[in-house]
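A.B. asks: The following block contains the structure, expressed as structure tokens.
The values are calculated or read from the model by the stated rules, or taken from the named source; none is laboratory data. Just so it is clear, the structure is predicted and the values come from calculations on it, not from any experiment. For neighbour counting, all protein chains shown are included, and Cβ atoms are generated from backbone atoms with ideal geometry for every residue, glycine included. Areas reflect the complete protein model, heavy atoms only, side chains present, ligands, DNA and RNA absent. Shrake-Rupley method; radii C 1.70, N 1.55, O 1.52, S 1.80 Å.
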Amino acid sequence: MENPSKRKFSVRDIRQDFPALRQQVYGKNLIYFDNGATSQKPQMVLDAINQYYSKDNANIHRGVHHLSQKATNEYEEAREIIRRFINAEKKEEIIFTKGTTDGINLVAHSFGELLSAGDEIMISAMEHHSNIVPWQMLAERKKLVLKVIPINKRGELIMEDFQNMLSPKTKLVAVTHISNSLGTINPVEEIIEAAHAVGAKVLIDGAQSVQHTKVDVTAMNCDFFVFSGHKVFGPTGIGVLYGKEAILDEMPPYQGGGDMISKVTFERTTYNELPFKFEAGTPHIAGGICLGTALNYLDQFNPHELEEYERELTEYAQEMLETFENIRLIGTAKNKTSVVAFTVDGIHPFDIGTLLDKQGIAVRTGHHCTQPLMDFYQIPGTVRASFAFYNTREEIDQFIAAVEKSISMLG
Amino acid sequence: MTIEQKQQEIIDEFAIYDDWMEKYEYIIELGKELPLIDPEKKTEDRLIEGCQSRVWLDAAIENDKIQLTADSDAIITKGIIGLLIRVLDNEKPEDIVKSDLHFISDIGLQEHLSPTRANGLLSMVKKIKILALSALAN
């Protein structure tokens with residue numbers, strides 16, 4: 001669908017927006033395929049960071065002076081941009097965090113307070129450590145049961161098992177929207193509907209999804225949604241927790257400090273209202289504002305156009321890798337995007353990654369913070385190439401040639 | 001040959017490579033040549049678990065000198081281990097303690113010994129130095 005108000009997607013144009021892509025490493029043009037770890041930043045975001053610290057820097061929410069008011073307005077405007085971007089109903093439902101991990105820990109601590117011994121939390125076998133460990137810690141603290149939804153060899157959730165594991169004891173299901181190690185897109189709507197049917201709440205880890213697919217938390221009907229700014233072309237150290245207002249209202253504060261209070265005496269403190277109840281202390285003001293800028297940057301484009309392009313890149317890379325007899329793809333879900341991960345028979349992923357680096361190609365090797373998943377595939381780790389819309393087919397061709405060269409050197 | 005002389009020899013060997021890939025080709029060859037550690041010695045207590053690759057190190061003192069064998073599951077790590085062993089094997093503990101392993105950065109491989117790389121190599125060097133220190137203390 002053509003939308004005349006949107007900027008036309010052209011990868012050549014877009015690459016001009018990202019100065020980090022125009023550099024050489026080890027004498028080779030950089031090919032940046034580590035977008036799953038973090039994304040590069042468009043000039044718009046870099047300018048906004050510069051503008052904030054050069055002209056607008058002030059503490060927010062308490063100053064009477066002009067600059068403080070300006071910074072507060074920009075910060076709160078960013079909250080509104082985020083609300084619109086993920087289509088939350090209310091601004092109060094958007095909590096600024098340090099990132100995805102911080103958001104999950106907030107929910108584990110605060111929502112976790114509402115749970116009692118014997119209650120069940122469900123995660124999946126493809127979760128990042130940050131969506132495993134906080135729940136394990138909570139389960140230990142509150143004597144809860146942690147259950148794991150299994151996956152098949154393609155790296156897809158076994159939905160039948162999930163349905164059978166649900167019971168009135170299930171209080172929370174925490175699953176990733178898109179897997180960082182496999183690229184699998186999980187059927188989150190189906191998961192949410194089934195979980196709600198037994199009265200459980202659902203947290204969606206969106207660290208790998210907001211930058212690759214259109215997220216609409218209202219349509220999805222999730223109870224919590226978390227993501228990181230730096231993976232969506234914004235700064236590091238800032239992220240978002242979306243939560244439904246009614247649930248956030250019930251939850252006790254996570255951290256105490258300035259900004260989150262309404263009135264403090266030595267006898268008793270009353271807490272501020274949402275979203276400030278969960279935002280103790282001076283936040284990452286520049287981060288919040290510039291995350292807003294990053295989302296405005298993305299919003300110039302038709303998200304479906306970007307999504308389609310990234311899927312084509314992923315399929316192309318996968319097809320090319322499949323031509324190697326000694327390469328095993330890890331993560332071959334029918335519904336996947338932006339990640340191709342593989343192992344090479346008899347060759348350690350670290351060796352491939354090191355040689356690709358020397359050929360100017362940034363990939364990630366190792367367990368990608370998903371050790372249980374690597375155990376499932378009985379591998380020490382994978383080589384992972386993860387794409388963004390500024391990557392090209394030509395880069396994939398060069399990557400494939402470099403993989404071939406690396407294998408011949410190591411074999 | 002002293003530790004310093006051995007380091008200089010390696011630096012000279014690497015001087016002929018001006019291309020990164022040639023340098024790594026040589027390291028890979030070294031990795032393939034390195035005699036494997038006795039499989040019986042690939043035990044948990046000899047394992048240095050890195051985030052990227054794993055290293056097994058067997059170190060013992062014989063005739064007042066430290067004897068080293070090591071292995072890794074990654075061939076590049078193994079090649080670099082080969083270089084480290086060439087420099088430190090069969091040396092006296094006091095010489096190992098005071099050695100400065102500058103050759104690694106001189107040949108451009110310092111990233112492999114960075115604490116953030118977590119391939120087990122830095123821990124391996126630390127372990128060798130600690131062994132040398134404790135040998136001196138006894």
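A.B. asks: How long is the stretch A:131-221 along each principal axis, judged by its Cα atoms, biggest number first, in Å?
C.D. replies: Sorted from largest, the Cα extents of the stretch A:131-221 read 37, 26, 24 Å.
A.B. asks: I'd like to know how the stretch A:205-269 sits against the 2.2 N^0.38 Å rule of thumb: what's its Cα Rg over that expected value?
C.D. replies: With N residues counted in the stretch A:205-269, Rg over 2.2 N^0.38 Å equals 1.45.
A.B. asks: Loop only per DSSP, at most 14 neighbouring Cβ atoms within 10 Å: give me the GluC sites (Glu not before Pro) in the stretch A:298-407, ordered by residue number.
C.D. replies: Working: sites: A:GLU305, A:GLU307, A:GLU308, A:GLU310, A:GLU312, A:GLU315, A:GLU319, A:GLU322, A:GLU325, A:GLU394, A:GLU395, A:GLU404; in loops: A:GLU325.
Answer in residue order: A:GLU325.
A.B. asks: Ok, one more. Mind listing the long-range amide H neighbours of B:GLU91? Cut-off is under 5 Å, sequence gap 5 or more, other chains count too, H placed in the peptide plane at 1.01 Å from N.
C.D. replies: B:ILE66
A.B. asks: So, in nm, how far is label A:GLU319 from label B:ASP19 when the simple model puts each one 7 Å beyond its Cα toward the Cβ?
C.D. replies: 3.1
A.B. asks: Quantify how strongly other chains surround peptide B:22-29 by giving the mean number of their Cβ atoms within 10 Å of each of its Cβ atoms. Before the final figure, lay out each step's value.
C.D. replies: Numbers: counts 0, 1, 9, 3, 0, 2, 7, 1.
Mean number of neighbouring Cβ atoms from other chains: 3.
A.B. asks: Name the residue from A:MET137, A:GLY118, A:VAL173 whose Cα lies farthest towards the positive end of the charge dipole of the stretch A:47-299, charges +1 on Cβ of Lys and Arg and -1 on Cβ of Asp and Glu.
C.D. replies: Checked the options; the winner is A:MET137.
A.B. asks: In addition: Per q in 0.12, 0.16, 0.22, 0.25 1/Å, what log10 I(q)/I(0) does a Debye calculation on the alpha-carbon atoms of the stretch A:77-160 return?
C.D. replies: Listed by q, the Debye log ratios stand at -0.49, -0.79, -1.02, -1.09.
A.B. asks: So with the 1.4 Å probe, I'd like the accessible area per residue for the stretch A:1-93, rounded to whole Å².
C.D. replies: Numbers: 5400 Å² over 93 residues.
Per-residue accessible area for the stretch A:1-93 comes out at 58 Å².
A.B. asks: A further question on this structure: How large is the charge dipole for the protein assembly as shown, taken about the Cα centre, if only the Cβ atoms of Lys, Arg (+1) and Asp, Glu (-1) carry charge, to the nearest 20 debye? Walk me through the numbers before you get to the answer.
C.D. replies: On the way: 57 positive and 80 negative charges, 256 e Å.
Result for the protein assembly as shown is approximately 1220 debye, rounded to the nearest 20.
A.B. asks: Another question about this same structure. For a distance above 15 Å, tell me the whole-number percent of Cα pairs in the stretch B:1-47 that qualify.
C.D. replies: 63
A.B. asks: Another question about this same structure. For B:ALA137 and B:THR2, FRET efficiency with R0 = 22 Å and r from the beta-carbon atoms, rounded to 0.05?
C.D. replies: Plugging the Cβ-Cβ distance into 1/(1 + (r/R0)^6) gives 0.40.
A.B. asks: A further question on this structure: Counting only heavy atoms of protein chains, what accessible area per residue, in Å², does the stretch B:3-137 have with a probe of 1.4 Å?
C.D. replies: So the stretch B:3-137 comes to 49 Å² accessible per residue, rounded to a whole number.
A.B. asks: I would also like to ask the following. Can you check what the net charge comes to around A:GLU279, using other residues whose Cβ is under 12 Å from the Cβ of A:GLU279 (Lys, Arg +1; Asp, Glu -1)?
C.D. replies: Spelling it out: positives minus negatives among the neighbours equals -2.
A.B. asks: Tell me, what % of the accessible area of the protein assembly as shown is carbon and sulfur with a 1.4 angstrom probe?
C.D. replies: 50
A.B. asks: Relative contact order of the stretch A:47-299, please, whole-number percent, based on alpha carbon pairs below 8 angstrom and at least 6 residues apart. All intermediate terms of the calculation are to be shown ahead of the outcome.
C.D. replies: Working: 479 pairs, mean separation 63.0, N = 253.
Relative contact order for the stretch A:47-299 comes out at 25 percent.
A.B. asks: Return the single residue from B:LYS42, B:LYS98, B:LYS23 with maximal mean-square fluctuation; model: Gaussian network over chain B, springs between Cα atoms under 10 Å.
C.D. replies: Highest fluctuation among the options: B:LYS98.
A.B. asks: Also, quick follow-up: Got the relative contact order for chain B handy, in percent, Cα pairs under 8 Å and 6 or more residues apart? It would help to have the intermediate numbers written out before the result.
C.D. replies: On the way: 183 pairs, mean separation 39.7, N = 138.
After rounding, I find 29 percent.
A.B. asks: Using the Cα atoms of chain B, I'd like the radius of gyration and the largest Cα-Cα distance, Dmax, both in angstrom.
C.D. replies: Rg and Dmax of chain B, Cα atoms, are 14.4, 46 Å.
A.B. asks: Quick check on the stretch A:47-299: what are the equivalent-ellipsoid semi-axes from the Cα gyration tensor, as sqrt(5λ), descending, whole Å?
C.D. replies: 32, 22, 14
A.B. asks: Something else about it: Show me the three semi-axes of the equivalent ellipsoid for the stretch A:267-339, from the C-alpha gyration tensor (sqrt of 5 times each eigenvalue), largest first, rounded to whole Å.
C.D. replies: 44, 18, 11
A.B. asks: Next question. Which value, in square angstrom to the nearest 100, describes the accessible area buried between chains B and A on both sides, using a 1.4 angstrom probe?
C.D. replies: Looking at B and A, the buried total is near 1600 Å².
A.B. asks: Which residues of the stretch A:360-404 show a drop of at least 20 Å² in accessible area when all protein chains are present, compared with their chain alone (probe radius 1.4 Å, heavy atoms only, ligands and nucleic acids excluded)?
C.D. replies: A:THR365, A:HIS367
A.B. asks: Indicate the residues belonging to the stretch A:1-44 that lose 30 Å² or more of solvent-accessible heavy-atom surface (probe 1.4 Å) upon moving from the chain alone to the assembly of all protein chains, ignoring ligands and nucleic acids.
C.D. replies: The answer is A:TYR26.
A.B. asks: Out of the stretch A:315-411, which trypsin sites (Lys or Arg not before Pro) are coil in DSSP terms and have no more than 15 other C-beta atoms within 10 Å?
C.D. replies: A:LYS334
A.B. asks: Right, next: Can you name the helices of chain B, as whole DSSP H runs, whose Cα span along the helix axis is 15 Å or more and whose Kyte-Doolittle mean is not below 1.0?
C.D. replies: B:75-88, B:121-137
A.B. asks: Under the definition of Cα pairs under 8 Å and six or more residues apart, what whole-number percent is the relative contact order of the stretch A:52-161?
C.D. replies: 16
A.B. asks: Further, regarding this structure: Between A:ASP397 and A:SER167, what is 0.36 nm times their sequence separation minus the Cα-Cα distance? Round to one decimal in nm.
C.D. replies: 77.9 nm
A.B. asks: Projecting each Cα onto the charge dipole of the stretch A:47-299 (Lys/Arg +1, Asp/Glu -1 at the beta carbon, about the Cα centre), which of A:GLY183, A:HIS109, A:GLY199 comes out farthest on the positive side?
C.D. replies: Going by the Cα projections, it comes out as A:HIS109.
A.B. asks: Which of A:LYS6/A:LYS91; A:LYS41/A:LYS147; A:LYS8/A:LYS153 have a Cα-Cα distance over 28 Å? Intermediate results must be reported in sequence, preceding the final value.
C.D. replies: Details: A:LYS6/A:LYS91 25 Å; A:LYS41/A:LYS147 38 Å; A:LYS8/A:LYS153 38 Å.
With Cα atoms farther than 28 Å apart: A:LYS41/A:LYS147; A:LYS8/A:LYS153.
A.B. asks: Could you give the Stokes-Einstein D for the protein assembly as shown in µm² per second, using the C-alpha Kirkwood radius, 37 °C, 0.692 mPa s?
C.D. replies: Numbers: Rh = 25.9 Å.
D = 127 µm²/s.
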